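Engineer: Here you go, one structure.
The values are calculated or read from the model by the stated rules, or taken from the named source; none is laboratory data. All figures in this text were calculated on a predicted structure; none of them were measured in a lab. Cβ coordinates were reconstructed from backbone atoms using ideal geometry, including for glycine residues, and neighbour counts include every protein chain displayed.
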Amino acid sequence: MKSIITCLLIVAITTPSVVYAQSSEGSAATIAQRKLDREIFQELIEINTTLNVGCTKAAEAMAARLKGAGFAENDVKLLGPQPQHMNLVVRYRGTGVHKPILFIGHLDVVEALRQDWSVDPFRFLESGGYFYGRGTTDMKNDDASLVANLIRLKQEGFVPDRDIIVALTEDEENGDANGVQWLLANHRELIDAEYCINPDGGGGSSKNGKEIVMPLQTSEKVYLDYKLEVHNKGGHSAAPVKDNAIYRLAAALTRLATYDFPINLNETTRRYFERSALQETGQMKADMLAMAKIPMDTAAANRIANASPSYNSKMRTTCVATMLSGGHAENALPQTAQANVNCRMLPDDSPENVLATLKAVVADTQVIITCTNASMIGPRSPLRKDIFEVLDRLTASMWPGVIVTPYMSGGASDGRLLRAAGIPVYGISGMFTDMDDNRAHGKDERIGVKEFYKGVEFMYRFMKELTSGL
């Protein structure tokens, strides 16, 4: 999921960040904590958790560390549908004044082949100011942060005003059957919470070494695939006819190519453009502010949409042709032609409306349109003042000048499953990555050493502030 976050804004802030807690950088406590952070991170990276291997070994390793730090046996649970696919759920007991907060992270990673990388993807390597390895940004960095900070809080004797639940799960990259979906269906009571923090949906963006933006993800667009198909009796290519399956499909796709779904801003996207305007100048700044008002300035919105595909995708449901096939022989008229149209639907839209719109745009009953793949629909999570204020305050103290903005991502994470189950989810992480050098799912995945340690420190402060009853 992390690759979705890195292209939020393109203008760098000129105010440099400052090093947090600079006076304590060399203290014995900080050195010891960073040693633990690194050890946990390295252990996770060097355990292969790709689809064919499973995540049980990694879950067991983290469970052992937590039990060794004093967590009760009954509060550290390994459970899943198969021995190879086990999830870890740990509960840090609080006073119970408020309902628990759930933090989630997936342990599985996408495949990485040694011949495709410059280094061994499953060997933790520090080089040139970076940590390398599969999962360093998606998302074993955040998994390590959650485990290390639970241990740190336990060592401090911290008593939260509510239980803190951390679930490290299976199957986010390759489906849903063994992870969060399985836990919801079989052990909802273990992960039930007032709301969830999902680091996989968060993470800051930097450019040219400067931190730019800290997103607070409250919603995700829904993934849909539709098949457009035309059938024809065909015939010999030496005697062509006007009714050609490929031409008919091509005409339908041409009509779709010129169509835009209506602009529809919600609470999150309206605030996103309002706060993004703070980093813009000239016409773009004026248009963002005008679009964020109620009623919306439609002309301003259209100018922004035309200027940026990224901004356009945040305004509306989008559908685009991604695959095409047709015909069965070089010397025969095509009997079939097919196209896949991939849609990213606003959470307030519906698959039925998207299908009806596609049929209206195509305007040809001989083009059969069917939905072939639909993600679970998760509603938007309402903006919470308490979370936003804590995030704003911590960001200002650790990365002065960085703007915090609500955000709707273009792709999906495990957050959609929890939202659909009635648990609001907020994507938040203190891990910053370069928006022009995102390597999640790709070759030589890496994260900056300083960015990792600072991200761990952020999550420690964030967890503590959310549960201190302040």
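Engineer: Residue check: is Ile304 within 24 Å of Met345 (Cβ to Cβ), in a helix (DSSP H, G or I) and in contact with a helix residue (DSSP H, G or I) (Cβ under 9 Å, 6 or more places away or on another chain)?
Structural biologist: yes
Engineer: When region 432-470 is examined, which residues are found to be within 21 Å of Glu39 (Cα to Cα), out of contact with any Gly (no Cβ under 9 Å at 6 or more places or on another chain) and not in a helix (DSSP H, G or I)?
Structural biologist: Listed by number, the list holds a single entry, Asp444.
Engineer: Which of the residues that make up region 427-439 are surrounded by fewer than 23 Cβ atoms within 10 Å (Cβ to Cβ) and in contact (Cβ under 8 Å) with a residue 12 or more places away in the chain?
Structural biologist: Scanning region 427-439 gives Asp434, Met435, Asp436, Asn438, Arg439.
So that you can scan it fast, the table gives a plain yes or no per residue for (1) in a strand (DSSP E or B); (2) closer than 23 Å to Pro424 by Cβ; (3) outside the structural domain of Glu445 (by TED's automatic domain parsing); (4) touching a residue at least 24 places away in the same chain (Cβ under 8 Å):
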{"residue": "Gly135", "(1), (2), (3), (4)": "no, no, no, yes"}
{"residue": "Ala144", "(1), (2), (3), (4)": "no, no, no, yes"}
{"residue": "Arg162", "(1), (2), (3), (4)": "no, yes, no, yes"}
{"residue": "Val166", "(1), (2), (3), (4)": "yes, yes, no, yes"}
{"residue": "Asp176", "(1), (2), (3), (4)": "no, yes, no, yes"}
{"residue": "Trp182", "(1), (2), (3), (4)": "no, yes, no, yes"}
{"residue": "Glu189", "(1), (2), (3), (4)": "no, yes, no, no"}
{"residue": "Ser206", "(1), (2), (3), (4)": "yes, no, no, yes"}
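Engineer: Restricting to region 59-104, and then to whatever is small (Gly, Ala, Ser) and free of Cβ contacts under 8 Å to residues at least 40 places away in the same chain, can you tell me which residue is surrounded by the fewest Cβ atoms within 10 Å (Cβ to Cβ)?
Structural biologist: Checked region 59-104; the qualifying residue surrounded by the fewest Cβ atoms within 10 Å (Cβ to Cβ) is Gly68.
Engineer: For Lys227, state whether it is closer than 25 Å to Asn342 by Cβ, surrounded by 19 or more Cβ atoms within 10 Å (Cβ to Cβ) and in contact (Cβ under 8 Å) with a residue 60 or more places away in the chain.
Structural biologist: It is false that Lys227 is closer than 25 Å to Asn342 by Cβ, surrounded by 19 or more Cβ atoms within 10 Å (Cβ to Cβ) and in contact (Cβ under 8 Å) with a residue 60 or more places away in the chain.
Engineer: Continuing with this model, one more query. Within region 244-289, can you find the residues that are of a type outside the set (A, V, I, L, M, F, W, C), out of contact with any strand residue (DSSP E or B) (no Cβ under 9 Å at 6 or more places or on another chain) and either surrounded by fewer than 17 Cβ atoms within 10 Å (Cβ to Cβ) or assigned to a loop (DSSP other than H, G, I, E, B) (or both)?
Structural biologist: Of everything in region 244-289, those that are of a type outside the set (A, V, I, L, M, F, W, C), out of contact with any strand residue (DSSP E or B) (no Cβ under 9 Å at 6 or more places or on another chain) and either surrounded by fewer than 17 Cβ atoms within 10 Å (Cβ to Cβ) or assigned to a loop (DSSP other than H, G, I, E, B) (or both) turn out to be Thr254, Arg255, Thr258, Pro262, Asn264, Glu280, Thr281, Gly282, Gln283, Lys285.
Engineer: Can you tell me which of (1) within 29 Å of Arg114 (Cβ to Cβ); (2) buried (at least 20 other Cβ atoms within 10 Å of the Cβ); (3) aliphatic (A, V, I, L, M) is the one Ile191 doesn't meet?
Structural biologist: (1)
Engineer: Can you confirm whether region 145-164 contains a residue that is among the basic types (Lys, Arg) and surrounded by 18 or more Cβ atoms within 10 Å (Cβ to Cβ)?
Structural biologist: yes
Engineer: Now, a different point. Identify all residues within region 105-133 that are among the basic types (Lys, Arg) and touching a residue at least 60 places away in the same chain (Cβ under 8 Å); write none if there are none.
Structural biologist: Selection gives Arg123 alone.
Engineer: Does region 382-404 include one or more residues that are surrounded by fewer than 19 Cβ atoms within 10 Å (Cβ to Cβ), under 29 Å from Glu46 (Cβ atoms) and touching a residue at least 24 places away in the same chain (Cβ under 8 Å)?
Structural biologist: no
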